[in-house]
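Take a look at the structure below.
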Amino acid sequence: MEIIPAIDIRGGKCVRLYQGDYGMETVFSDDPVGMAMNWQSLGAMRLHIVDLDGAASGELKNLDIISEIANSVLIPIEVGGGIRDMEAIGKLLKCGVDRVILGTSAVEDPQMVKEACRCFNKSVFVGIDARDGKVATRGWKLDTGREPVEFARDMMKLGVRGFVFTDIRRDGTLTEPNFTALFELINSIKATVIASGGISTITHLKLLKKLGAAGAIIGKALYTKDINLKQALDELDK
């Protein structure tokens, strides 16, 4: 299972939000590129980048920083936030991004998802961001009323083979992941599922590995040092 440090970019800075609330922001660094290189130096094999400005506005806002990160590290990066059309996907992949994560566009424009999977295949993942068991979009502000498993199955019919599942209520809280929802999703679909939201101990990581998660995205717990990345990598290698 991959352990994937998260770098959330807003206003050019590396920040963390509490439950996706843009009004509850903590700035951890004004140098996202330096932070990316730091996580790489500690052994990370992949990075998860979120353009928070893009997620809120519906268009990429931090492409220059994302491009700089892609050109500064030797490990693959995945990017989500504000990717609403084929042009945005093309720009990201061209600048060195390994994988794009579609959120709002996956719900609102299924045909674009189908086309993206046809053109870019394994480079396209879909983010399933859930609040109280329902998928949310538009920077986590809009409740779609759709259930994660049903939504994932619809996406797989379009060619999607990988998902990032985030429980919004757990994100940035240092509580614990939504193991129940993750177990249901992983066991209901034959696809790659990466877990996100609430991961705050190495025990959580071990449990996610047992559940069959292909990866775990860690944000706040790394920045607050609740999880030591090198220790976590060593423990999961055992």
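What are the extents of the Cα atoms of the stretch 111-184 along their three principal axes, listed from largest to smallest and rounded to whole Å?
Extents along the principal axes: 38, 23, 20 Å.
Would you grab the residues whose amide H sits under 5 Å from the one on residue 7? Only those 5+ places off in sequence or on another chain, please, with H modelled 1.01 Å from N.
Sorted by chain and number, the residues that satisfy this are 48, 49, 50.
If I compute solvent accessible area with a 1.4 Å probe over the protein chains, what percent of it on the chain is carbon and sulfur? Don't jump to the answer; show the numbers that get you there.
Details: 4940 of 10440 Å².
Exposed carbon and sulfur together represent 47 percent of the surface.
Going by accessible area, probe 1.4 Å, with all protein chains left in place, what is the ranking of 14, 119, largest first? Each step should come with its number before you reach the end.
On the way: 14 0, 119 65 Å².
Sorted descending by solvent-accessible area, the residues read 119, 14.
Below 8 Å, C-alpha to C-alpha, sequence gap of six or more: please give me the relative contact order for the chain in percent. Working shown, then result.
Working: 515 pairs, mean separation 43.3, N = 238.
Averaging sequence separation for qualifying contacts and normalising by length gives 18 percent for the chain.
Might you work out the accessible area of residue 1 for me, using a 1.4 Å probe with all protein chains in place, and round it to the nearest 10 Å²?
60 Å²
For the stretch 38-52, take each phi angle, set θ = phi - 60°, evaluate the Karplus expression 6.51 cos²θ - 1.76 cosθ + 1.60, and give the result in whole Hz per residue in order, putting x for glycine and proline.
3J(HN,Hα) across the stretch 38-52, in whole Hz: 5, 5, 4, 5, 8, x, 4, 9, 6, 10, 10, 10, 10, 8, 5.
Give the lysines reachable from residue 157 as a straight Cα distance under 18 Å; neighbours fewer than 8 places away on the same chain don't count.
114, 122, 190
Suppose each label sits 7 Å from its Cα in the direction of the beta carbon; what would the residue 74-residue 24 distance come out to in nanometres?
According to this spin-label approximation, the distance is 4.0 nm.
Grab every C-alpha pair in the stretch 146-238, bin the distances at 5 angstrom width from 0 up to the longest one, and report whole percents.
3, 14, 26, 22, 17, 10, 6, 2, 0
Just the accessible area for residue 79, please: 1.4 Å probe, Å², rounded to the nearest 10?
0 Å²
For the stretch 190-238, calculate the relative contact order in percent as a whole number, restricting contacts to Cα pairs under 8 Å that are 6 or more residues apart. Don't skip to the end; give the middle numbers.
On the way: 44 pairs, mean separation 19.8, N = 49.
Relative contact order comes out at 40 percent.
Return one whole number: the accessible area per residue of the chain in Å², for a 1.4 Å probe. Provide the component values of the computation, followed by the final result.
Numbers: 10440 Å² over 238 residues.
Normalised by residue count, the accessible surface of the chain is 44 Å².
The values are calculated or read from the model by the stated rules, or taken from the named source; none is laboratory data. Predicted model only: the values in this text are computed from it and were never measured. No Cβ is skipped: glycine too gets one built from the backbone with ideal geometry, and neighbour counts run over all protein chains shown. Note: accessible area is taken over every heavy atom of the protein model, side chains too, but ligands, DNA and RNA are not part of it. Shrake-Rupley method; radii C 1.70, N 1.55, O 1.52, S 1.80 Å.
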